[in-house]
1. Tally time: how many residues in segment B:23-38 are touching a residue at least 12 places away in the same chain (Cβ under 8 Å) and more than 22 Å from the chain's Cα centre (by Cα)?
2. Working only within segment A:52-82, note down all residues that are under 23 Å from A:GLU166 (Cα atoms), touching a residue at least 12 places away in the same chain (Cβ under 8 Å) and surrounded by fewer than 21 Cβ atoms within 10 Å (Cβ to Cβ).
3. Can A:ASP168 be described as among the acidic types (Asp, Glu), at pLDDT below 85 and surrounded by fewer than 19 Cβ atoms within 10 Å (Cβ to Cβ)?
4. For segment B:122-220, please list each of the helices (runs of 4 or more DSSP H) lying entirely inside it that holds at least 1 residues being at pLDDT below 90, within 14 Å of chain A (Cβ to nearest Cβ) and crowded, with 18+ Cβ neighbours inside 10 Å.
5. Residues A:SER2, A:SER88, A:SER65: which one is within 24 Å of the chain's Cα centre (by Cα) and away from every other protein chain (no Cβ under 14 Å)?
6. Do any strands (runs of 3 or more DSSP E) lying entirely in segment B:239-352 carry at least 2 residues that are over 18 Å from the mean Cα position of the chain (by Cα) and without any contact (Cβ under 8 Å) to a residue 40 or more places away in the chain, and which ones are they?
7. With respect to A:LEU54, determine if the residue is away from chain B (no Cβ under 14 Å), more than 22 Å from the chain's Cα centre (by Cα) and closer than 16 Å to A:VAL107 by Cα.
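The values are calculated or read from the model by the stated rules, or taken from the named source; none is laboratory data. Because the structure is predicted, anything quoted here is derived from the model rather than measured. Note: ideal-geometry Cβ built from the backbone for every residue, glycine included; neighbour counts use all protein chains shown.
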Amino acid sequence: MSATLIWILVGLVAIGLYLSWTAGRLDRLHARIDAARAALDAQLLRRASVAQELATSKVLDPAASIVLYEAAHAARQAEEEQREVAESELSQALRAVLAEPAQVEAVREAPGGEEAARELAQAVRRVPMARRFHNDAVRAARALRRHRKVRWFRLAGHAPFPMAFEMDDEPPTALVDRAGV
Amino acid sequence: MRIGIVCPYSWDVPGGVQFHIRDLAEHLLALGHEVSVLAPADDDTPLPPYVVSAGRAVPVPYNGSVARLNFGFLSAARVRRWLHDGAFDVIHIHEPASPSLGLLACWAAQGPIVATFHTSNPRSRAMIAAYPILQPALEKISARIAVSEYARRTLVEHLGGDAVVIPNGVDVDFFARAKPNPDWQGETLGFIGRIDEPRKGLPVLMKALPKILAERPRTRLLVAGRGDEEEAVASLPEEMRSRVEFLGMISDADKARFLRSVDVYVAPNTGGESFGIILVEAMSAGAPVLASDLDAFAQVLDQGEAGELYANEDADALAAAAVRLLADPGRRQELRERGSAHVRRFDWSTVGADILSVYETVTDGAAAVAADERTGRRARFGLARD
């Protein structure tokens, strides 16, 4: 009788340790998503700021300046639910404005333009990276959270179900080709 | 930035991954970063100052061949000590899914971890069985890098998730500035690789050689690499064997001169390639490239824009393409120019900047690397393994 009791206790402790380990794993994944999201935010903001600087620098023609300014401003001010759309529109605006290699060349020739172009090239290259790392973390967390043990024992607590960040992040080819991607 | 790099294969055995890590470490050091490489090595091997030995790798049968791997408590303890002493901002693990140092480091560390997947092995039985064990370790990787679009596709299929593609780097100018060797010039085909490794494709080239010699009898084939030379030419008719010259293993400097000299570089590999660094090196040296149409090769050669492709394992197609190239100096010149322009994207200046961008992206908004506190908890229960 007491032997059975001991085995039951041992079993319960083992299950408890396993669940605690899984909860730790999940916690680490959530921390990874938070870090990845912060990094993605930083890259998106950096891109919008450089785009806005470029739009107000008088290097571009007035029409292009207005298009780019509008898009960059909207991306920076967007509410959380509209963010993906606004950032995609900024990608499209950047592609439209910097479609011609000659335009990129003109930006580079302006005073301080070399640096602005380099910063922008870096930003449009890093946004897709940060987004991919973020979505990879989200996928890993989702895979674990869908598991029975996590759902039955509510190991995720009140953490919201992680959502991927979907947007069009295709960079302007004329810009990144010069940076040598 | 303090960067820790983990190399899964023995430092004293030459190989693509080791060279890549060496070049990456030296590139980052030159930019003023602090770099430490943890690699398996015999304790008496002379190591560069930035390499820390993780002990000797043990040869074990794995995945159909004998691999030299590191595991067990001694290695695990060394990994933990290295992580602790290094206080890195980011660690970069190569081949995290192979049961060696990469996986141990992944297991023992927390914080920003970047991982590069080099090979694109089909998923093995062992990997499926080990998946539940592997997954918690691989989950810690904050950023995955695949060396080619092809490697990325296999990674996505086998492990799920996503990766950014950053190609392997090459010091383009080292190859572009090498001096041609007149002995290796004049209607020469070049091949570099293990002679006795069928996947490197020398047998296909040997099968095509009689057809090439029938059209262009002055052609010479230069072969650089280890292996049994007698056996390699056994399939050739006696009178043609003199047209094949074996150079044995050659140094890096000679490799650059070799690639500068040959009229056509032939890569007849039949499979198992995830990138094809040799093609990049050949293009850097301005050699017109003729390669089998493996996915990885087609990618490196820009779908045939920067070099000629032929149907894999088809000796007739290889012979026809080689004869056409040897007969057409204009086309060779065109390939030289396109190759040299195309190859700039593989130069360390570009590749290194991309890898640094990845480091900076994952360290934004994250704490530094530390030994995983889980090991501390285990020690508290008296369960630590060392």
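1. Total satisfying the criteria: 3.
2. Scanning segment A:52-82 gives A:GLN52, A:VAL67, A:TYR69, A:GLU70, A:HIS73, A:ALA74, A:ARG76.
3. no
4. Numbers: elements: B:125-138, B:149-159, B:172-176, B:202-215.
Filter on segment B:122-220 gives B:125-138, B:149-159.
5. Working: A:SER2 fails: within 24 Å of the chain's Cα centre (by Cα); A:SER65 fails: within 24 Å of the chain's Cα centre (by Cα).
Only one candidate qualifies: A:SER88.
6. Passing ranges, in order: B:244-248, B:308-310.
7. Working: away from chain B (no Cβ under 14 Å): yes; more than 22 Å from the chain's Cα centre (by Cα): yes; closer than 16 Å to A:VAL107 by Cα: yes.
Against the criterion (away from chain B (no Cβ under 14 Å), more than 22 Å from the chain's Cα centre (by Cα) and closer than 16 Å to A:VAL107 by Cα), A:LEU54 qualifies.
Yes/no matrix, rows are residues, columns are (1) at positive phi; (2) surrounded by fewer than 21 Cβ atoms within 10 Å (Cβ to Cβ); (3) within 12 Å of chain B (Cβ to nearest Cβ):
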| residue | (1), (2), (3) |
| --- | --- |
| A:GLU105 | no, yes, no |
| A:GLU109 | no, yes, no |
| A:GLY112 | yes, yes, no |
| A:ARG139 | no, yes, yes |
